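The values are calculated or read from the model by the stated rules, or taken from the named source; none is laboratory data. Quick caveat, the model's predicted, so the values are computed rather than measured. Note: ideal-geometry Cβ built from the backbone for every residue, glycine included; neighbour counts use all protein chains shown. These accessible areas exclude ligands, DNA and RNA; they are computed on the full protein's heavy atoms, side chains included. Shrake-Rupley method; radii C 1.70, N 1.55, O 1.52, S 1.80 Å.
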Number of protein chains: 4
Amino acid sequence: MSTRKPFLSDNAATVHPKLWEAMRAADAPDNPYDNDALSQALDDRFSEVFGRECAASWIATGTAANCLALATLVRPHGGVICHEEAHIEVDEGGAPGFYLHGAKLMLAQGASAKLTPADIAAVLDPIRDDVHQVQAHAISITQASEYGCSYQPDELAALGEFAQARKLGLHMDGARFANAVAYLGRSPADAVGPCDTLAFGCIKNGGMSAEALVMFDPAQADLVKFRRKRAGHLQCKGRYQAAQILAMLDGDLWLENARAANAAAAEIAGACSDRLLHPVEANELFVRLSAVEREALRKQGFDFYDWGQNLARFVTAWNTPQEDAMALAKAIASL
Amino acid sequence: MSTRKPFLSDNAATVHPKLWEAMRAADAPDNPYDNDALSQALDDRFSEVFGRECAASWIATGTAANCLALATLVRPHGGVICHEEAHIEVDEGGAPGFYLHGAKLMLAQGASAKLTPADIAAVLDPIRDDVHQVQAHAISITQASEYGCSYQPDELAALGEFAQARKLGLHMDGARFANAVAYLGRSPADAVGPCDTLAFGCIKNGGMSAEALVMFDPAQADLVKFRRKRAGHLQCKGRYQAAQILAMLDGDLWLENARAANAAAAEIAGACSDRLLHPVEANELFVRLSAVEREALRKQGFDFYDWGQNLARFVTAWNTPQEDAMALAKAIASL
Amino acid sequence: MSTRKPFLSDNAATVHPKLWEAMRAADAPDNPYDNDALSQALDDRFSEVFGRECAASWIATGTAANCLALATLVRPHGGVICHEEAHIEVDEGGAPGFYLHGAKLMLAQGASAKLTPADIAAVLDPIRDDVHQVQAHAISITQASEYGCSYQPDELAALGEFAQARKLGLHMDGARFANAVAYLGRSPADAVGPCDTLAFGCIKNGGMSAEALVMFDPAQADLVKFRRKRAGHLQCKGRYQAAQILAMLDGDLWLENARAANAAAAEIAGACSDRLLHPVEANELFVRLSAVEREALRKQGFDFYDWGQNLARFVTAWNTPQEDAMALAKAIASL
Amino acid sequence: MSTRKPFLSDNAATVHPKLWEAMRAADAPDNPYDNDALSQALDDRFSEVFGRECAASWIATGTAANCLALATLVRPHGGVICHEEAHIEVDEGGAPGFYLHGAKLMLAQGASAKLTPADIAAVLDPIRDDVHQVQAHAISITQASEYGCSYQPDELAALGEFAQARKLGLHMDGARFANAVAYLGRSPADAVGPCDTLAFGCIKNGGMSAEALVMFDPAQADLVKFRRKRAGHLQCKGRYQAAQILAMLDGDLWLENARAANAAAAEIAGACSDRLLHPVEANELFVRLSAVEREALRKQGFDFYDWGQNLARFVTAWNTPQEDAMALAKAIASL
C-alpha cells in the first residue's frame, strides 16, 4: 500500500502530530466524563472562534453530531429538509431516524448538493398544512457540500431569513467546515452564518476520534448533554477527546490543515477544469473520466472511488503530499 | 491534585503505555471504519480468548456496548430483567430505553448486586402471560457486579439454564470483566459462562476509548454492525479503536492490569474486613465509615465517593500505587 | 352466562342507549376525521364542563389517551413518576415506552395507589442532577386510583404546587374520573385540580369506543393532533366517536352513570366494611376473602377477579342491577 | 349539504345498516378486549375467506393496520420500499416512522401508483450492501392503488417471486381491497396473492371504525397482538369492532358494497374515458378538468377534490346513488 497514492477519502488519514502531543499531555489524572479541565474549556474556546456565546461538546462521529444537533431542532413527528444526496440521508445508516425517533428526512434537489431557499420551498410548499402530512421542523445543509462546494455568507444569510420566516431550525453539517472556511477566506462566523447548530468536523482534518457539536443557542446545551449520554456517547475519559479538539483550534491548526488539503485539490483541479462536474471549493473533486481513463490512473497507483458512471471522486487530505497532487494532476492532464 | 490519592473510580485512570504504543503504531494509512486490518482481526482474537467462535466489535462506551448487545436479544415491546442497582438502570441516562425503542427494564433484587434464578423468578413469575403486561425477553447481569462481586462459573451455569428454560437471552455487562476473571482465577470462558453477549470492558482497565462487544452467536454480528452505525458509533478511523483492544489482549495485559487493581483492593480489604458491606471480589470496596471517619480520611488526602449513609466506595485501578493502597489500608485501620 | 352476576370489571359493560341514539343520529354525511360538526364541538363542550378554556380530542382507548397526554409533558430522555401499581406501569403493555420514545416510568409508593408530594419526593430526591440519571419531567396520577380511591381537591392542590415547584407536568389518568367526581360531590374542575392534561374516561362508564383527551393548555392541542394521527388513532369517521362523548356529557349522563355504579359499590361496601383493604370512593372494592370464601361466592354466581392472595376485586358498572349488588352484599355478609 | 352530491371520498360515508344491526346484537355482556366470542371468530372467518390459515385482528384505522403489519416484516434499522405516492408515505402523518422506530420509507416510481419488480429494483439496486446505507426489509403495495388501479394475480405473483428472491417481506395496503376483488372478479386469495400481510379495509366500504389486519403467517400473530396493545389500539369492548367486520363478511356484503361503488365509478368513467389519467379499476376516477370545468361542476352541486393542476379526483362509495353517478357522468359529458 505504501506506493499507492490515496485519494479515496480524507476520513482515514493519519492523525496530526500535535493532536498526539495533546492527547499525551492529557494523560494525567483528571475528572471523568466531561468534568475535566479540557472538556470544560470547550465552550469558551468555541465562543472565541465564533465571536459569540456558544456551547460545545465533543462527540465521536459526525453522524452522532448531526443527529444530536437535529434532535434539538426537530420533534419526533416532524421532518428535516435536506439535499437528496446529503450525508444524513445517504450515508448515515438511518441514524437520523433513530435519533429523531422516526422523524422524516424530506429530500430537496439543488445544484452541487447545496440548497437555496427556492430549492427548499419546492419541497415545503406542496405539503398540506394538516396532520396527515409530516411538517418540516428544520433544514440541514452541509458546508462544504457533499460535492465539495461552499456556501457563501450571503447564501447562508438568505437561508437564515427563509428558515426564520418558515419557523424552521437550521443545522449545518460541517464535516468539512474547515475546508469551507479556508476556501472562503472568511471568518468562521461568516462561514456558519445564522445556523442554530454546527457539527464541527475535526476527524477528516487530522483528528482521531472527536468532532465538536456547537450550539449557538446555549440554552439547548443541556438537551445535547442528556441526549449524548443517552446515546452512549459520553466517554468517561473525555479529556482525550477534548484534547484533540483544543489542539486543532490552537494556532488555527484546523485552518492550516484545511488549507493544505484545499491547495492539493486546487492543484489537481487546475489540470482538469474542463472535466470537473462541480466547482472545487474545498478538498473534493468530481471528475469526468471514462472507465478506460480510470483504469489507467489506477494502474499508475492512484486510488479513488468511482462515483456513478464516467465519474470519479478524488479527495485530498491535510497530509496529501504535494508531489502526489502534482503527479495526479499531471496524470489526468496526460490522459 | 498530585498529592491526592484517588480512589474515586477507575474510569478516569490514565491510559496504559502499551496502548499508546499500539495506537501510534496504527497511525498509518489503512481502510476506514472497521475495514482496516486491526478491526478485522478482532473476531479471531476474541475467538481465541474464549475458545469458541465469536464476533467482536469495538465501541466507544460500555453504555453503548450494553445497549447494542441487548438490542440483539430484546424486541421493542419486551423487557430486560436486571438488578435494581444495575448500571444500565441507574447510570446510563436512559440509554436502554433509547436503544431498545422503549423496552422496559424490570428490576430484580439480589445480594451484592448479583442475581440468582430465584431472584429473577421473583420478577418473572408474577407477570401475567398476556399482552397487557410487558414480557421479559432477556436478562442482564454484571460481572463483576456493581458491588464488586464476581459470579462463579456454577452460578453462571444456573443462570444459563434458567434463561434457556424461560426462553430469555442472557447478557453480561463486563465493564470490569477483567477484574472478575483475575479474581476467579478461571478462564475467560468460565467467567462469561453461557451468556449470549458480553460487553468486554477495557476503558476502566487502562484503555482510552474502546470497549469490545462480543457476540457468542456470530449470526447476530451483522445486526450489531448495522445498529452501531445507526447509533453514530462507527468511527471512521476505527483502527485506533481496534489497536487499543488488541494491545490489551496481547500478552494478557488485560489480566495483568486487573490483577494489579485487585491486589490493591485486597490490600485495603485486609485492613477493614469487619467494615465491608460486600465481599471484595474485584477492585471495588464498599466500606462502613461514619461521616467523621470519612472526613478524617479525606483530610489525609484520600479521595472517594460517599455511597449512601455511613458508607464509602473505594475503587482501585490498574495503576493504583502499591503505597497508596497500603497507606489507605493503614489509615482505615487506624480510625 | 346470563345467570352470572358480573363484577369482573366495568370495562366490558354494555353501551348506554343514549350513546346508541347519538351514534345513529350521527349517521349522515359530514366531513371526515375530526372536521365534522360533532368533533369540532368538543373543545367548547369541555370548556363548559371545566369552566375554563380547554381543548379536547376523542381517542379510542385510555392507554392512548394517557400516552398522548404524557407526550406533551415529557421528552424522550425524561421520566414520569407514577404509582408502582399505576395502570400505565402495570397494564398498558409498555405503551408509555412506545409513545414517549423510551422515556422511563419512575415508580413511587403510596397508600391506596394514590400519591402525595412526599411519596413523589421519595423518588425524586435521590436522583442525582446529572446526565447519568434520567430526570423526571412529569407526574401521572389516577383519579379515581387503581384501588378505587379519590383525590380530594386539597390533595390535588398540594400536588399541583409540588409539580410547579419541581417544574414537572401533571397528568391525570381519569379512566374512572366520572366515579371520582360523583363520589366527591364536587365540580369536575375541583376533581381535576391543577392537572395539565386529563384522560377523561367514557368507555368504562357506558361508552363504546371513545375516551376524551382534555388539554388544559390549548396551546398543546396541536401536538396532540399530530401525535394522534401519527399513532394511527385519527379515525376517518370521527363523528361516531364525538357523538358518544357528547351524549355522555349531555344532561350529565356521565355523572348519572357514575352515581349508579358508585351506589352499587357502596351497597356492597356497607356489608363488608371490616373486610375492605381500601376505602370505597368510586366503583371498585378490594375485599379480603379466603380461597374458600371466594369459591363459595363463585358458586353462587358471582364473577370477580382474585387480586393477589386472600383478596378479591369487585367492580360495579353503570348498569349493575341494584338486586345484584344487594345479592352480593348479602352473600358476603353471610360468609 | 343535503342537495350536494358528494364524490370527495368514501372515507366519510355512512355506515351500512347491517353493521348497525351487528353492533347492536353484540351489545350484551361478554369478555373484554378480544376475548369475546366475536373477536375470537375472526381467525377462522378470514381463513375461510382466503382459503388458507391466517390470523386476523381488528384495528381502528388503516394507518395502524399498515404499520402493525409492517412492524412484523421490518426491523428498526431497515426500510420499506413503497410507491412515492403511497398512502403510508403521503397521508399517514409519519406513522410508519413511529411504529417502525425510525425505519425508512424508500420511494419507488411506477405507473398509476402500482409497482413492478423493475420499479422496485430501480430503488434496490443502487443501495450499497454496507452498513452506511439503510437496507430494505419489505415492500408495501396498495390494492387497489392510490390511483384506483388493481394488481392482476400475475402481477402479484411476479412481485412475490421478486420479494422472495430479495428476501423482502411483502405487505398489502388493502384500504380498498374489496373494490379490487370486485373489479378483478377473482377470489380474495387471487387478489392478495403471495403477500405476507394485508390491511383489509372495511371502513371506506360501509364500516364505522374497524379494519382487519390479516397475517398469512399466523406465527406472527402474537407480535401483532403485543404491538397493538402497546400502541393503545386494544379496545376493551372489542366485540363491537369484531361485529362490524363479521357483518361485512357475512353473505359477502363487502363485495356487494364494493360492486356498487365500482359500478358507480364505471358509470362515470364511461362518460369521460378520454379525460381519464388512469384506468378505472376500482372506485376512484382521476379526470382531466380545467379550472373552469371544475367550477362548472361544483356549481351543479358536485363535490370532489382537486388533484394537482387540471385534475380532479372523484370517489364513489357503497351508497353512492345511481342517479348521482349518472348525473355526474352527464355533467362531465356536457362540459
Teacher prompt: C:D303 distances to equivalent labels in other copies, 7 Å Cα→Cβ, nm: 4.3, 6.6, 7.2
Among the listed pairs A:K167/D:K114; B:K229/D:K167; A:K167/A:K225; A:K229/C:K225; A:K104/B:K225; C:K229/D:K204, those beyond 28 Å (Cα-Cα): A:K167/D:K114; A:K229/C:K225
Sequence-distant residues sharing a close amide H with D:I139 (under 5 Å, placed H): D:I81, D:G169, D:L170, D:H171
Per-residue mean of C-beta atoms belonging to partner chains within 10 Å, peptide C:86-94: 6
Chain B Cβ-axis minimum, rotational copy C, residue and distance in Å: B:G102, 2
Gyration tensor (alpha-carbon) shape descriptor, the stretch C:90-153, a/c threshold 1.5: oblate
Exposure of A:K204 as accessible area (Å², to 10), given a probe of 1.4 Å and all protein chains: 50 Å²
Most to least accessible of A:K104, A:K299 (protein chains only, probe 1.4 Å): A:K299, A:K104
Most fluctuating residue given options B:G270, B:G232, B:G301, as computed from a GNM of chain B linking Cα atoms under 10 Å: B:G232
Solvent-accessible surface (1.4 angstrom probe) belonging to D:Y305, in square angstrom, nearest 10: 100 Å²
Copies compared at D:V292 - label distances in nm, ascending, label defined 7 Å from Cα in the Cβ direction: 5.9, 9.5, 10.3
Whole-angstrom gap from the stretch B:308-335 to the stretch C:257-321, using each part's C-alpha centre: 59 Å
Solution diffusion estimate, µm²/s, Stokes-Einstein, the stretch D:1-131, Kirkwood Rh from C-alpha pairs, 25 °C, viscosity 0.890 mPa s: 133 µm²/s
Angstrom value of the Kirkwood radius, inverse mean 1/r, which spans all Cα pairs in the stretch D:249-315: 12.8 Å
Residue-by-residue Karplus 3J(HN,Hα) for the stretch D:70-79, coefficients 6.51, -1.76, 1.60, Hz, glycine and proline x: 4, 5, 7, 10, 10, 8, x, 8, x, x
Sites A:E48 and A:E161 - FRET efficiency at Förster radius 35 Å, r taken between beta-carbons, to 0.05: 0.85
For the stretch D:170-176, 3J(HN,Hα) per residue [Karplus equation, 6.51 cos²θ - 1.76 cosθ + 1.60, θ = phi - 60°, Hz, x = Gly/Pro]: 9, 10, 10, 7, x, 3, 10
Rotationally averaged projected area of the stretch A:64-184 (alpha carbon convex hull; nm²): 6.8 nm²
Whole-number D in µm²/s for chain A (Stokes-Einstein; Kirkwood sum over Cα pairs; 25 °C, 0.890 mPa s): 120 µm²/s
Alpha carbon centroid spacing (whole Å) that separates the stretch D:90-124 from the stretch D:1-53: 29 Å
1.4 Å probe, heavy atoms, protein only - residues of the stretch D:42-65 losing at least 10 Å² accessible area vs chain alone: D:A60, D:T61, D:T63
Solvent-accessible area buried by A and C, counting both chains, probe 1.4 angstrom, square angstrom: 1900 Å²
Accessible-area composition of the stretch A:17-251, carbon plus sulfur, in percent [1.4 Å probe]: 48 percent
Candidate aspartates and glutamates - alpha carbon under 14 Å from A:K237, same-chain residues fewer than 8 apart omitted: A:D27, A:D30, A:D34, A:D36, B:D10, B:E211
Projected-area mean, the stretch D:55-126, by convex hull of Cα positions, square nanometres: 5.4 nm²
For the stretch B:134-211: accessible area per residue (Å², 1.4 Å): 27 Å²
All lysines inside 16 Å of B:K299 as judged from Cα atoms, apart from same-chain residues fewer than 8 positions distant: B:K5, B:K330
Net charge of Cβ neighbours under 13 Å - reference C:A56; Lys, Arg +1; Asp, Glu -1: -3
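What fraction of the Cα pairs in the protein assembly as shown, stated in percent, has a spacing above 51 angstrom?
In whole percent, the share of Cα-Cα pairs in the protein assembly as shown beyond 51 Å is 33.
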Under Karplus coefficients 6.51, -1.76 and 1.60, residue-wise ³J(HN,Hα) of the stretch D:156-164 in Hz, glycine/proline x: 5, 4, 5, 5, x, 4, 4, 4, 5
